[in-house]
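> Quick one: structure below, then a few questions.
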Amino acid sequence: MLRALIWDVDGTIAETERDGHCVAFNQAFEEAGLAWRWSPDYYGPLLHVAGGRDRILHDMAQRADAPATTAEREALARALHMRKNALYAERVAAGALSPRPGVLRLMDEAAAAGVKLAIATTTSTSNVQALFNSFFGDGWRQRFAAVVCAEDAPQLKPHPQVYLRALHGLGVAASEAFALEDTPNGLLAAQAAGIACGITRSAFFVHDRYPGATWVRPDLDTPTAMTLDGIRESLSVNISTP
Ligand code: XBP
């Protein structure tokens, strides 16, 4: 029985990486007087490092002009990450992002059918608050039975911690939940928690492979609308992508 939909945020609910985080990282670099710029082509592969602060640290390791000591790098990464998140929130509040096709429709269908909604993301809580305030208004939290962000689950995806904590918050078994993701790391995290997972490809994951995903599609409305019945059906026939 399907009792809960667990949603990833970045790339799954909106194109936040392309239109939000990547732009805000570059603004933060510029404000800090750094010549570093992450083009979309450069940022795509960087997304395999989960967590914005870890992503900056990973990038610094390849840069000759990064600070010399670990302590200096960590301090700079922390400051840049904090500023990036503030700039991201400003961008979102200005209306730069919108939900991906079919997201609100499927969320509303689930709510009307008594299927619980949860969030399982490795992004910072402040980013989820900014995005959902913009999409759903101040009362957004009431839509979700559980919201688990990076601060609640410090072991970032592909570790299953964020999904295990979402299941705990929902009070449902893994077999009663279905995850919606866009990245290979997200799929691995859901699978490791024992949760079946469907993929809506996002801008930076057009060609990736998703072994074991229940389905892989461009978005929730293409080629046809993915409904709760569609999810139930795909689970019962156990379609699995190579
Ligand atoms: C999201 C992330 C995050 C965001 C940026 O992963 O990896 O790092 O890119 O947010 P997922 P922060 O979609 O798999 O949850 O800067 O707050 O980390």
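The values are calculated or read from the model by the stated rules, or taken from the named source; none is laboratory data. Since this is a predicted model, take the numbers as computed values, not measurements. All Cβ positions, glycine included, derive from the backbone under ideal geometry; neighbour counts span all protein chains shown.
> With respect to Leu34, is the statement that it is surrounded by 12 or more Cβ atoms within 10 Å (Cβ to Cβ), within 11 Å of the ligand (Cβ to nearest atom) and either of a type in the set (Ser, Thr, Tyr) or more than 22 Å from Thr200 (Cβ to Cβ) (or both) true? Walk me through it before giving the result.
Values: surrounded by 12 or more Cβ atoms within 10 Å (Cβ to Cβ): yes; within 11 Å of the ligand (Cβ to nearest atom): no; either of a type in the set (Ser, Thr, Tyr) or more than 22 Å from Thr200 (Cβ to Cβ) (or both): yes.
When the stated conditions are applied, Leu34 does not pass them.
> Let me confirm something: among Arg105, Arg73, Arg37, Arg100, which residue is under 22 Å from Asp208 (Cα atoms) and of a type in the set (Lys, Arg)? Can you show your working first?
Values: Arg105 fails: under 22 Å from Asp208 (Cα atoms); Arg73 fails: under 22 Å from Asp208 (Cα atoms); Arg37 fails: under 22 Å from Asp208 (Cα atoms).
Just a single option satisfies the conditions, and that option is Arg100.
> Just to be sure I understand, how many residues within region 155-195 are within 13 Å of the ligand (Cβ to nearest atom), touching a Cys at 6+ places or on another chain (Cβ under 7 Å) and not acidic (Asp, Glu)?
3
> Check whether at least one residue in region 6-20 is without any contact (Cβ under 8 Å) to a residue 12 or more places away in the chain and either over 27 Å from Val147 (Cβ atoms) or part of a helix (DSSP H, G or I) (or both), and report yes or no. Can you show your working first?
Pass one, region 6-20, residues without any contact (Cβ under 8 Å) to a residue 12 or more places away in the chain: none.
No, every residue in region 6-20 fails to be without any contact (Cβ under 8 Å) to a residue 12 or more places away in the chain and either over 27 Å from Val147 (Cβ atoms) or part of a helix (DSSP H, G or I) (or both).
> How many of the residues making up region 126-145 are farther than 17 Å from Glu17 by Cβ and surrounded by 16 or more Cβ atoms within 10 Å (Cβ to Cβ)? Walk me through how you get there before you give the answer.
So the first thing to find is which residues in region 126-145 are farther than 17 Å from Glu17 by Cβ, and the list is 129, 133, 136-145.
Remaining after also requiring surrounded by 16 or more Cβ atoms within 10 Å (Cβ to Cβ): 129, 133, 136, 140, 143-145.
Number of matching residues: 7.
> Tally the residues that are over 15 Å from Ile13 (Cα atoms) and among the acidic types (Asp, Glu), restricting the search to region 185-242.
3
> Restricting the search to region 2-30, which residues are farther than 24 Å from Gly198 by Cα and either surrounded by 16 or more Cβ atoms within 10 Å (Cβ to Cβ) or within 16 Å of the ligand (Cβ to nearest atom) (or both)? Outline the logic, then answer.
Pass one, region 2-30, residues farther than 24 Å from Gly198 by Cα: 22-30.
Once the filter is applied, which keeps residues that are farther than 24 Å from Gly198 by Cα and either surrounded by 16 or more Cβ atoms within 10 Å (Cβ to Cβ) or within 16 Å of the ligand (Cβ to nearest atom) (or both), region 2-30 yields Cys22, Val23, Ala24, Phe25, Asn26, Gln27, Ala28, Phe29.
> Could I ask something else about it? Can you list residue pairs whose Cβ atoms sit under 6 Å apart, with the first residue in region 30-46 being assigned by TED's automatic domain parsing to the domain that holds Asp59 and touching a residue at least 12 places away in the same chain (Cβ under 8 Å) and the second being of a type outside the set (D, E, K, R) and in a loop (DSSP other than H, G, I, E, B)? Count only pairs 6 or more apart in sequence or on different chains.
Cβ pairs passing all conditions: Gly44/Phe204.
> If you don't mind, another one. Which residue, of Ala213, Ala189, is assigned to a helix (DSSP H, G or I), closer than 18 Å to Trp7 by Cβ and touching a helix residue (DSSP H, G or I) at 6+ places or on another chain (Cβ under 7 Å)? Show your work before the answer.
Working: Ala213 fails: assigned to a helix (DSSP H, G or I).
Within the list Ala213, Ala189, the selection yields Ala189.
> Here is a list of conditions, (1) assigned to a helix (DSSP H, G or I); (2) closer than 20 Å to Ser234 by Cα, and Leu180 meets all of them except one; can you say which number that is?
If we test Leu180 against (1) assigned to a helix (DSSP H, G or I); (2) closer than 20 Å to Ser234 by Cα, just (1) comes out false.
> How many residues are over 18 Å from the mean Cα position of the chain (by Cα) and assigned to a helix (DSSP H, G or I) when one looks only at region 101-117?
From region 101-117, those over 18 Å from the mean Cα position of the chain (by Cα) are 105, 108-116; that's our starting set.
If we keep only those that are assigned to a helix (DSSP H, G or I) as well, we get 105, 108-113.
The qualifying residues number 7.
> For Leu188, state whether it is crowded, with 18+ Cβ neighbours inside 10 Å and either under 28 Å from Tyr43 (Cβ atoms) or touching a Leu at 6+ places or on another chain (Cβ under 6 Å) (or both). Talk me through it step by step, then tell me what you get.
Working: crowded, with 18+ Cβ neighbours inside 10 Å: yes; either under 28 Å from Tyr43 (Cβ atoms) or touching a Leu at 6+ places or on another chain (Cβ under 6 Å) (or both): yes.
Taking the combined requirement at face value, the residue satisfies it.
> What number of residues in region 40-96 are closer than 27 Å to Pro184 by Cα, in a loop (DSSP other than H, G, I, E, B) and either over 19 Å from the mean Cα position of the chain (by Cα) or within 13 Å of the ligand (Cβ to nearest atom) (or both)?
So the count comes out to 8.
> Which residues, taken from region 149-173, are surrounded by 19 or more Cβ atoms within 10 Å (Cβ to Cβ), under 24 Å from Ala110 (Cα atoms) and of a type in the set (A, V, I, L, M)?
The answer is Val162, Leu164, Ala166, Leu167, Leu170, Val172.
> Turning to a different aspect of this structure: In this structure, does Phe178 turn out to be in contact (Cβ under 8 Å) with a residue 12 or more places away in the chain and either under 16 Å from the mean Cα position of the chain (by Cα) or within 13 Å of Gly194 (Cα to Cα) (or both)? Can you show your working first?
Values: in contact (Cβ under 8 Å) with a residue 12 or more places away in the chain: yes; either under 16 Å from the mean Cα position of the chain (by Cα) or within 13 Å of Gly194 (Cα to Cα) (or both): yes.
Answer is yes for this residue.
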